[in-house]
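J.: Here's a structure for you.
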Amino acid sequence: MFFRALTTAFLTMIATSLSAETGKVSSFDLDNGLQLVVIEDHRAPIATNMVWYRVGAADEAAGKSGIAHFLEHLMFKGTKTLKPGDFSDIVSQNGGVDNAFTSYDYTGYFQRVAVDRLPLMMQLEADRMRNLVLTEAEVLPERNVILEERNSRVENDPGSLFSELRRAAMYMNHPYRTPVIGWKHEIEKLSLQDALDFYKTYYAPNNAILVIAGDVEPEKVLVLAQTHFGALKPSDNIPPRVRPQEPPHLAPVRLEFSDPRVRQPSFVRNYLSVNRKTGDQKEAAALVLLAELLGGSGISSVMGRELQLERKIATYATAWYSSLSLDPDTFGVFAMPTPGVSLRELEDAVDEVLAGFLRDGLDEDHLRRLKTQVAAERIYAQDNLDTVARRYGEALTSGLTIADVQAWPDVLQAVTAEEIMTAAKSVLNIDHSVTGWKMPQKPEVSQ
């Protein structure tokens, strides 16, 4: 009873904190289509400036894989007023840090600076939104940089190669099957014109979200946004984000990948899943908690307890689910065998654990503890401005709204055990899965 009373009190405190958090978010739409989101946090005189574009690797034309990531690199080249490299130099000279990232559903750029440098950061981002200058002299060497990045991060990493193979097998039709960095043979053919066409189409205010987080006042930020971004012309040829979708999956798929560079064999399985949907996030919330119950909380999880502690058949076991994506993504389970245990034995044991969970149901006390932990982690994350800004940027580029982001903590807390079990029975469908074994060498075949 004491634990339950303490949990209730803690969740009440968290709910109050989250309510205060959501009251600090303001949103504006400029006449040219730019969406501005302002997140106030007056604890320190700093600000994060983020520009998110609603375009990622899954929006690329067939045969042009890697162009979204390639353009991310090229955005640090010159504009009509800046030479190549000037952008990051100016950020650094003003005491800030900057970076960029590309995913399947978005491309983002950010700077973290003292708040009095925010106008300069907005000026720099507005400049390169529509005034990027590219020539063969910048594009071709940068393409070689991308190829070297692929060599070092993928070709020379058996884990990355294995991940690419599994993702390509997971999606029969959807562009999530193509790696964000691109296929090597297609990267090699990306041209200056490819980069310019992609830039002119997608890099425009009506395809962008400006997220400002920090020691700022919304109305003043709006004035700055109108000053620096307001005059930019929108794009008139942004295609609708309608992607090829998956046909029904009728049978499980298996992959056995061997590479002498593999040091530790492992088992992994991905299941086709659902994503968070605007106005209806219940099933996604149930899957978030399902992943935590099965493998997200270390040896106290279902898989950790049974595979690592009781059976001692695995050195590590986990489950995961990423709820944020424009289109449905996957739910996954993973395990590494103890010495002397085969991957066949490990997979059978994982299947037994999952079947037992579906048969017996979940532990209500475990679920209550996890809900408290999930809520607490969200509160702790408030201390990182970049994390808070990313939370909104990722959601908005994935088809959600500010209201969805603000409702998400309450949706998670409201999920019932019955809803989690319903989601588990739906997602853990072997016919909708890809199972992979990663091994240091191929198993011997008896004659």
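J.: If the requirement is being touching a Pro at 6+ places or on another chain (Cβ under 6 Å) and either in a loop (DSSP other than H, G, I, E, B) or buried (at least 22 other Cβ atoms within 10 Å of the Cβ) (or both), which of these qualifies: Pro234, Pro239? If you could, list the steps in order and put the result at the bottom.
T.: Numbers: Pro239 fails: touching a Pro at 6+ places or on another chain (Cβ under 6 Å).
That would be Pro234, the only listed residue that is touching a Pro at 6+ places or on another chain (Cβ under 6 Å) and either in a loop (DSSP other than H, G, I, E, B) or buried (at least 22 other Cβ atoms within 10 Å of the Cβ) (or both).
J.: Considering every residue within the stretch 316-326, establish whether at least one is modelled with pLDDT of 95 or more, surrounded by fewer than 16 Cβ atoms within 10 Å (Cβ to Cβ), within 19 Å of Gln264 (Cβ to Cβ) and not polar (S, T, N, Q).
T.: So far as the stretch 316-326 goes, no, none of its residues is modelled with pLDDT of 95 or more, surrounded by fewer than 16 Cβ atoms within 10 Å (Cβ to Cβ), within 19 Å of Gln264 (Cβ to Cβ) and not polar (S, T, N, Q).
J.: Same structure, new question: Restricting the search to the stretch 270-294, which residues are touching a Lys or Arg at 6+ places or on another chain (Cβ under 9 Å) and farther than 27 Å from Ala403 by Cα?
T.: Asn270, the sole residue that qualifies.
J.: Starting from the stretch 314-329, keep only residues that are under 21 Å from Arg276 (Cβ atoms) and hydroxyl-bearing (Ser, Thr, Tyr), then list their pairs with residues that are open to solvent by less than 20 Å² (accessible area, probe 1.4 Å) and part of a strand (DSSP E or B) whose Cβ atoms are within a distance under 7 Å, requiring at least 6 positions of separation or different chains.
T.: Listed pairs, sorted by first residue: Tyr321/Phe331.
J.: To continue, here is another question. Please go through (1) closer than 20 Å to Ile299 by Cβ; (2) in contact with an Asp or Glu (Cβ under 8 Å, 6 or more places away or on another chain) for Arg369 and return the number of the only condition it doesn't satisfy.
T.: (2)
J.: Just checking, does the stretch 20-32 include any residue being modelled with pLDDT of 95 or more, charged (D, E, K, R) and surrounded by fewer than 21 Cβ atoms within 10 Å (Cβ to Cβ)?
T.: Taking every residue of the stretch 20-32 in turn, at least one turns out to be modelled with pLDDT of 95 or more, charged (D, E, K, R) and surrounded by fewer than 21 Cβ atoms within 10 Å (Cβ to Cβ).
J.: Here is a follow-up. Quick check on Leu367: is it at negative phi, at pLDDT 95 or above and touching a helix residue (DSSP H, G or I) at 6+ places or on another chain (Cβ under 7 Å)?
T.: Here the answer is yes, as Leu367 does meet what is asked.
J.: Another question, then. Would you pick out the residues in the stretch 268-284 that are within 16 Å of the chain's Cα centre (by Cα) and outside any strand (DSSP E or B)?
T.: Those that are within 16 Å of the chain's Cα centre (by Cα) and outside any strand (DSSP E or B): Ser273, Val274, Asn275, Arg276, Ala284.
J.: Give me the pairs: first residue in the stretch 367-382 and over 20 Å from Thr416 (Cα atoms), second residue of a type in the set (Asp, Glu), beta-carbon distance under 9 Å, and six or more apart or on different chains, which are they?
T.: Pairs that qualify, where the first residue is over 20 Å from Thr416 (Cα atoms) and the partner is of a type in the set (Asp, Glu), are Ile379/Glu21; Gln382/Glu21; Gln382/Asp41.
J.: Additional query: With the requirement that a residue be out of contact with any strand residue (DSSP E or B) (no Cβ under 8 Å at 6 or more places or on another chain) and among the acidic types (Asp, Glu), what does the stretch 352-393 give you?
T.: Scanning the stretch 352-393 gives Glu352, Asp360, Asp363, Glu364, Asp365, Glu377, Asp383.
J.: Suppose we filter the stretch 326-369 for residues that are farther than 27 Å from Glu256 by Cα and not in a helix (DSSP H, G or I); how many remain?
T.: Within the stretch 326-369, residues that are farther than 27 Å from Glu256 by Cα and not in a helix (DSSP H, G or I) number 5.
J.: Give the residues of the stretch 388-432 that are crowded, with 17+ Cβ neighbours inside 10 Å, hydroxyl-bearing (Ser, Thr, Tyr) and in a helix (DSSP H, G or I), sorted by residue number.
T.: Tyr392, Thr397
J.: Being touching a Ser or Thr at 6+ places or on another chain (Cβ under 6 Å), closer than 17 Å to Ser27 by Cβ and open to solvent by less than 40 Å² (accessible area, probe 1.4 Å): is that true of Leu385 here? Give the derivation first.
T.: Values: touching a Ser or Thr at 6+ places or on another chain (Cβ under 6 Å): yes; closer than 17 Å to Ser27 by Cβ: no; open to solvent by less than 40 Å² (accessible area, probe 1.4 Å): yes.
Here the answer is no, as Leu385 does not meet what is asked.
J.: Scanning the stretch 277-294 for residues that are of a type outside the set (A, V, I, L, M, F, W, C) and within 13 Å of Phe331 (Cα to Cα), which turns out least open to solvent (accessible area, probe 1.4 Å)? Working first, answer last.
T.: Residues of the stretch 277-294 that are of a type outside the set (A, V, I, L, M, F, W, C), as a first pass: 277-283, 292.
So of that shortlist, the ones also within 13 Å of Phe331 (Cα to Cα) come out as 283, 292.
Details: Glu283: 84, Glu292: 46 Å².
The selected residue is Glu292.
J.: Yes or no: Thr372 closer than 29 Å to Val25 by Cα, open to solvent by 50 Å² or more (accessible area, probe 1.4 Å) and either assigned to a helix (DSSP H, G or I) or at pLDDT 95 or above (or both)? Can you show your working first?
T.: Details: closer than 29 Å to Val25 by Cα: yes; open to solvent by 50 Å² or more (accessible area, probe 1.4 Å): no; either assigned to a helix (DSSP H, G or I) or at pLDDT 95 or above (or both): yes.
In short, no.
J.: OK, next. I'd like the residue in the stretch 340-363 that is within 15 Å of Tyr316 (Cα to Cα) and open to solvent by 80 Å² or more (accessible area, probe 1.4 Å) and, out of all such residues, is modelled with the lowest pLDDT.
T.: Gly340
J.: Restricting the search to the stretch 245-260, which residues are exposed (fewer than 15 other Cβ atoms within 10 Å of the Cβ) and not in a loop (DSSP other than H, G, I, E, B)?
T.: Hits for the stretch 245-260 are Arg254, Glu256.
J.: Within the stretch 165-195, count every residue that is in a helix (DSSP H, G or I), over 14 Å from Gly436 (Cα atoms), in contact (Cβ under 8 Å) with a residue 40 or more places away in the chain and over 19 Å from the mean Cα position of the chain (by Cα).
T.: Residues meeting the conditions: 5.
The values are calculated or read from the model by the stated rules, or taken from the named source; none is laboratory data. Bear in mind the structure is a predicted one, so any value in this text is a computation, not a measurement. For neighbour counting, all protein chains shown are included, and Cβ atoms are generated from backbone atoms with ideal geometry for every residue, glycine included. Side chains are part of the model used for accessible areas, which takes the heavy atoms of the whole protein and leaves out ligands, DNA and RNA. Shrake-Rupley method; radii C 1.70, N 1.55, O 1.52, S 1.80 Å.
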